[in-house]
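Input: a single structure, listed below in structure tokens.
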Amino acid sequence: MYDTPNSTDASVTQTDIKILARGVQVHYGEKHALKDVDVDILDKTVTAFIGPSGCGKSTFLRCLNRMNDTVASARVSGQILLDGEDIYDKRVDPVQLRAKVGMVFQKPNPFPKSIYDNVAYGPRIHGLTKSKSELDNIVETSLKKAALWNEVKDRLQETGTGLSGGQQQRLCIARAVATAPEVLLMDEPCSALDPIATAQVEELIDELRSSFSVVIVTHSMQQAARVSQKTAFFHLGNLVEYDDTQTIFTNPKDPRTESYITGRIG
Amino acid sequence: MTDISSTPAAVPSKSNGVSGSLLTESPLMKSRNSAEVRFRAFGIAAIVVALLTLAIMLFTIVRDGSSAFFQATLSYPVLVDGAVVDKAGNGDPAEMAKVTTVGYARLLGDSLVRHLAEKGITVEGMMDKEITDMISKDAPARLRNRVLADPSLVGQTIAVDAFVGGRIDGYMKGRVDRDIAGRDSNVTVTQLDMADKMIEAGILRSKFNWSFITGSDASDLRPEAAGMGIAFIGTVYMMFLVLIFCLPIGVAASIYLEEFAVKNWFTDLIEVNISNLAAVPSIVFGILGLAIFINFAGLPSSAPLVGALVITLMTLPTIIIATRSAIRAVPPSIREAALGVGASKMQTVFHHVLPLAMPGILTGTILGLASAAGETGPLLLIGMVAFVTNYPAGPFDGGFLDPASALPVQVYSWASRADPAFIERSSGAIIVLLLFLVIMNVSAILLRRRFERRW
């Protein structure tokens, strides 16, 4: 189950680090939501953020593609490097960043357009294709990657909001995958899904790992244990512990981590 | 409790347990239920009162106004005598135009007298002048226009539909009786006797009056000729311009305020001012329009363009408020989804937010326009109440700058005239105005249905 090539390999080189965060602080107005977070997110790895509600894990996730920019009161300081480039540099356009760092949200939020248009939207606005057949291709491969193709291939022109919850979420994953991101952020992607749909999405996450780095926020520790190779535990805005998933769940160093995973806090 | 069937005797005592029986209503429940019944009764009463008022209003308007669409009309042959209308005898329209309506009045009068004599319709002691006076003062002008438009009619005997005077029309509609006619200098009892005989002979009939809808206004002495055509065109022109001005400005302002503007004291100030502007009495906008558009900018008064500008100022706050709430109603998850796949702010707004807000925006805009269409106050101040008899030009020939009136103003000006025939026309114009508004509201509903999408 725990296929963790990077974590077992002690010699993690600089090139394996996809995102490097140092001293990240987030304030919402007066509230200090995230305190001094240092994390290295590895390429082609699933990293899980766990912690009780309000611990700052979603906040940190949203820093990684600058979705916090849309919150007027949010202030982010510190350094987040994507492939060695500071994503909070003045020259960086968040729109361009978000094409590289895709996101899947907690609640399935397909556009009220056809299934095809949902997936094709990203490639269209980023000008990834030159012809209709290329676009068809991207839509098909994205839907296949999201394990949705077989269910919807005969009704691509039907509206995406007519799908079931689990299908909608996989459609959202297909939409995020279609822009060929390098990192995929998932904010509690299974919280609105039933166990069967959850299992499908988890399987999917494991497959996506071969193409890019996946960061997933989850409330379910079982899920973190099942899908991730690295786990970060957040508590009250602090990054308490960040290690291999196996280590976090079997041999945590911090007593707070231990109490959380054994169900005493949170 | 676990096995009721085996211990039936235990049931009554159990159900009267700590919290009382479920089969009897507790005092608190009773008062809660009666409060609910009272509330429902109030609601139903309010709706009944509203519907009743609406029904009474519609009933009175239709009762008073529907007769305005029918007009007592004389139908008889008229000899277009060349000796009168074409003295030069060459059919030159320029020369024929020198003959005034007085000449045509003689044609109409003479022909009527002759026609009655042929049919043997007479009233004792009635002079020819009294017969010719029955014809509307407006009829010669219409005949003149008809002949000038088609000079080949000269010398022919043509069938003419001529209105009778407003009093005789009123007699046919039951507004005037012999008692009143005896005291009225505009009509005589003999004329009413003659009217009865003409009706019997089929010469005088009540006919649907298109010129009430298409014609221009007429002076106090000729209520039978008054029409609302110019007011109708003025209203249509104004609504068209208001739509063109309001929709882009209103939608752009709303999108900017809702999606782009930073929230600070300045945008708060703007917000408060928009709400305040929506509450400003419309007459104030009229004064503003008079001062700015007419006195300062020098635009012509009575022009639909000026009316539209004033109404735009007045309607914009309403449209902005409606549009902003429509934009706000779009779920934030859609914006996040679009931003998440890397859409820019503007792409997010134009690809996703705006299409979803469209039904709300259109409904708000059309309802705003509909209420603006019924606006009278500001138009009075910019001179749209003027007596206009010439049709404005086409929309692309500067018609927006030509003097025109507006339907609600026409209603107002007719209602303020003395002759009851104008009151009837006032109600008739209200019917047309209401139909206009109903059409706008229905189209708002249809557009809403058409654009509505689920998410």
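The values are calculated or read from the model by the stated rules, or taken from the named source; none is laboratory data. On a predicted model such as this, the values are computed, not experimentally measured, just so you know. Note: ideal-geometry Cβ built from the backbone for every residue, glycine included; neighbour counts use all protein chains shown.
Quick rundown of the values:
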read-out: Checklist (1) more than 30 Å from B:R328 (Cβ to Cβ); (2) in a helix (DSSP H, G or I); (3) of a type in the set (A, V, I, L, M) applied to B:L221, failing item; value: (2)
read-out: Within segment B:139-216, helices (runs of 4 or more DSSP H) holding 2 or more residues that are of a type in the set (A, V, I, L, M); value: B:139-149, B:166-172, B:178-183, B:189-201
read-out: Contacts under 7 angstrom Cβ, first residue in segment B:286-301 being under 15 Å from B:P403 (Cβ atoms), partner in a loop (DSSP other than H, G, I, E, B) and not β-branched (V, I, T), 6 or more apart; value: B:F293/B:L299; B:I294/B:S301; B:S301/B:G383
read-out: Inter-residue pairs, beta-carbon under 7 Å, first closer than 15 Å to B:S427 by Cα and in segment B:47-59, second of a type in the set (F, W, Y), 6+ apart; value: none
read-out: For A:Q96: the one exception among (1) assigned to a helix (DSSP H, G or I); (2) under 25 Å from A:D206 (Cα atoms); (3) not charged (D, E, K, R); value: (2)
read-out: Test: residue in segment B:229-249 that is within 30 Å of B:L112 (Cα to Cα) and in contact with a His (Cβ under 9 Å, 6 or more places away or on another chain); value: no
read-out: Qualifying residue in segment B:435-453 (condition: in contact (Cβ under 8 Å) with a residue 12 or more places away in the chain, of a type in the set (D, E) and assigned to a loop (DSSP other than H, G, I, E, B)); value: yes
read-out: Counted residues, segment A:82-114 - those being away from every other protein chain (no Cβ under 14 Å) and modelled with pLDDT of 90 or more; value: 0
read-out: Some residue of segment A:157-179 being under 22 Å from B:M346 (Cβ atoms), hydrophobic (A, V, I, L, M, F, W, C) and either within 11 Å of chain B (Cβ to nearest Cβ) or not in a helix (DSSP H, G or I) (or both); value: yes
read-out: Residue in segment B:229-250 that is away from every other protein chain (no Cβ under 14 Å) and more than 27 Å from B:G364 (Cβ to Cβ) present; value: yes
read-out: Failed criterion for A:T141 (all others in (1) facing another protein chain (nearest Cβ under 9 Å); (2) surrounded by fewer than 17 Cβ atoms within 10 Å (Cβ to Cβ); (3) in a helix (DSSP H, G or I) hold); value: (1)
read-out: Test for B:A181: is it modelled with pLDDT under 80 and surrounded by 16 or more Cβ atoms within 10 Å (Cβ to Cβ); value: yes
read-out: Helices (runs of 4 or more DSSP H) completely within segment A:203-266 that count 1 or more residues being within 19 Å of the chain's Cα centre (by Cα) and touching a residue at least 40 places away in the same chain (Cβ under 8 Å); value: A:221-227, A:245-250
read-out: Members of segment B:393-413 found to be of a type in the set (A, V, I, L, M) and touching a residue at least 40 places away in the same chain (Cβ under 8 Å), listed by number; value: B:L401, B:A404, B:A406, B:L407, B:V409
read-out: Every residue from segment A:221-266 that is among the β-branched types (V, I, T) and surrounded by fewer than 18 Cβ atoms within 10 Å (Cβ to Cβ); value: A:T247, A:T250, A:T262, A:I265
read-out: Tally, over segment B:44-77, of residues that are in a helix (DSSP H, G or I) and either crowded, with 17+ Cβ neighbours inside 10 Å or in contact with a helix residue (DSSP H, G or I) (Cβ under 9 Å, 6 or more places away or on another chain) (or both); value: 11
read-out: Subset of segment B:200-217 [charged (D, E, K, R) and more than 17 Å from B:I168 (Cα to Cα)]; value: B:D217
read-out: Matching option when the condition is more than 19 Å from B:G215 (Cβ to Cβ) and free of Cβ contacts under 8 Å to residues at least 24 places away in the same chain, among B:A159, B:A149, B:A117; value: B:A117
read-out: Matching residues in segment A:115-138 - criterion: being of a type in the set (S, T, N, Q) and either within 12 Å of chain B (Cβ to nearest Cβ) or crowded, with 22+ Cβ neighbours inside 10 Å (or both); value: A:N118
read-out: Selection count where residues are among the aliphatic types (A, V, I, L, M), farther than 19 Å from A:P181 by Cα and facing another protein chain (nearest Cβ under 9 Å), scope segment B:334-354; value: 1
read-out: Among the residues listed as B:A372, B:A357, the single one being out of contact with any Pro (no Cβ under 8 Å at 6 or more places or on another chain) and either within 14 Å of chain A (Cβ to nearest Cβ) or within 30 Å of A:G127 (Cα to Cα) (or both); value: B:A357
read-out: Top-ranked residue of segment B:266-275 - restricted to ones that are without any contact (Cβ under 8 Å) to a residue 24 or more places away in the chain and more than 14 Å from chain A (Cβ to nearest Cβ), ranked as nearest to B:I321 (Cα to Cα); value: B:E271
read-out: Residue list for segment B:307-333, filter: within 14 Å of another protein chain (Cβ to nearest Cβ) and surrounded by fewer than 19 Cβ atoms within 10 Å (Cβ to Cβ); value: B:A329, B:P331, B:P332, B:S333
read-out: Selection within segment B:280-302 - in a loop (DSSP other than H, G, I, E, B) and either within 18 Å of B:T376 (Cβ to Cβ) or in contact with a strand residue (DSSP E or B) (Cβ under 7 Å, 6 or more places away or on another chain) (or both); value: B:V280, B:P281, B:S301, B:S302
read-out: Residue count for segment B:224-246, restricted to those that are crowded, with 17+ Cβ neighbours inside 10 Å, out of contact with any Leu (no Cβ under 8 Å at 6 or more places or on another chain), among the aliphatic types (A, V, I, L, M) and assigned to a helix (DSSP H, G or I); value: 5
read-out: Residue count for segment A:126-150, restricted to those that are in contact (Cβ under 8 Å) with a residue 12 or more places away in the chain and out of contact with any helix residue (DSSP H, G or I) (no Cβ under 8 Å at 6 or more places or on another chain); value: 0
read-out: Candidates B:F422, B:F387, B:F451, B:F400 - the one that is of a type in the set (F, W, Y) and either closer than 18 Å to B:L362 by Cβ or loosely packed, with under 12 Cβ neighbours inside 10 Å (or both); value: B:F451
read-out: Of all residues making up segment A:69-93, the number that are of a type in the set (D, E), part of a strand (DSSP E or B) and within 24 Å of A:G29 (Cα to Cα); value: 1
read-out: Only one of B:A444, B:A373, B:A415, B:A429 that is farther than 23 Å from B:T214 by Cβ and out of contact with any Gly (no Cβ under 6 Å at 6 or more places or on another chain); value: B:A444
read-out: Residue within segment A:47-67 that is assigned to a strand (DSSP E or B), buried (at least 17 other Cβ atoms within 10 Å of the Cβ) and not aliphatic (A, V, I, L, M) present; value: yes
